[in-house]
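Structure first, commentary second.
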Amino acid sequence: MAAIVPVPAGAHAWTDRNGALDLDGFAHGLFKAEAVSQEKAVLVRRRFVAAARQGWIANDGSQADIFLVRFAAPTGAESMYKSTAASWRTKSTPHQRTFADPADHATGCVISSLDNLGNASVKLISFRSDLFVYVHYFTAATPDRSGAQKLLRRQLDALDK
């Protein structure tokens, strides 16, 4: 999991959230509390191996949260990607729009409703072999789809090295 994008120079790491994660840590980090036990069972069936998380707050106020999730076989990563993308598509609303990112073989979700800190966000997912890649990019007031896609591209490039 060493290929996770490092915290950029000048940014402040979410040190309490960054690092290696076991099944329990990953499930609690990504899923809502009421879904954790069900999602853990699905992750076991997909043959979850390990995960890593990297998050930060940049000087410009943007925030990033990245997960890399390794499975025992590529089918686990692909299954997680497909089910997450399908879930986003069925929940698509005027404040949460799903889009395809064919250049990165990714699916994204623009969330224009503001969180409790006044941030909008963009989530992107992709997979490479046995790795599921999840990027969540937060910006003040307005979602930055281009910034999120650039961050995903940096992460994918790091994996391809």
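The values are calculated or read from the model by the stated rules, or taken from the named source; none is laboratory data. Everything quoted here is computed from the prediction, not taken from an experiment. A quick note on method: Cβ atoms are made from the backbone with ideal geometry, for glycine too, and the neighbour counts reach across all protein chains shown. Surface areas here come from the heavy atoms of the whole protein model, side chains and all, with no ligands, DNA or RNA. Shrake-Rupley method; radii C 1.70, N 1.55, O 1.52, S 1.80 Å.
Residue-level check: of (1) in contact with a Lys or Arg (Cβ under 8 Å, 6 or more places away or on another chain); (2) farther than 20 Å from residue 148 by Cα; (3) of a type outside the set (Lys, Arg), residue 83 misses just (1).
Elements of the type strands (runs of 3 or more DSSP E) sitting completely within the range 8-78 and holding at least 1 residues that are in contact with a His (Cβ under 8 Å, 6 or more places away or on another chain) and open to solvent by less than 90 Å² (accessible area, probe 1.4 Å): these cover 48-57, 63-71. Restricting attention to the range 79-109, the residues that are touching a strand residue (DSSP E or B) at 6+ places or on another chain (Cβ under 6 Å) and within 23 Å of residue 39 (Cβ to Cβ) add up to 13.
Annotation note: Cβ proximity below 7 Å between a residue of the range 36-58 that is without any contact (Cβ under 8 Å) to a residue 24 or more places away in the chain and over 17 Å from residue 81 (Cβ atoms) and a residue that is of a type in the set (A, V, I, L, M, F, W, C) and crowded, with 21+ Cβ neighbours inside 10 Å (sequence gap 6+ or interchain) occurs for 36/27; 40/27. Scanning the range 33-65 for residues that are among the β-branched types (Val, Ile, Thr) and under 15 Å from residue 12 (Cβ atoms) yields one hit, 57. So, residue 4, is that one closer than 21 Å to residue 106 by Cα and part of a loop (DSSP other than H, G, I, E, B) or not? For residue 4, the condition - closer than 21 Å to residue 106 by Cα and part of a loop (DSSP other than H, G, I, E, B) - is met.
Entry remark, the range 38-78: residues being basic (Lys, Arg) and in contact with a strand residue (DSSP E or B) (Cβ under 6 Å, 6 or more places away or on another chain) number 4 in total.
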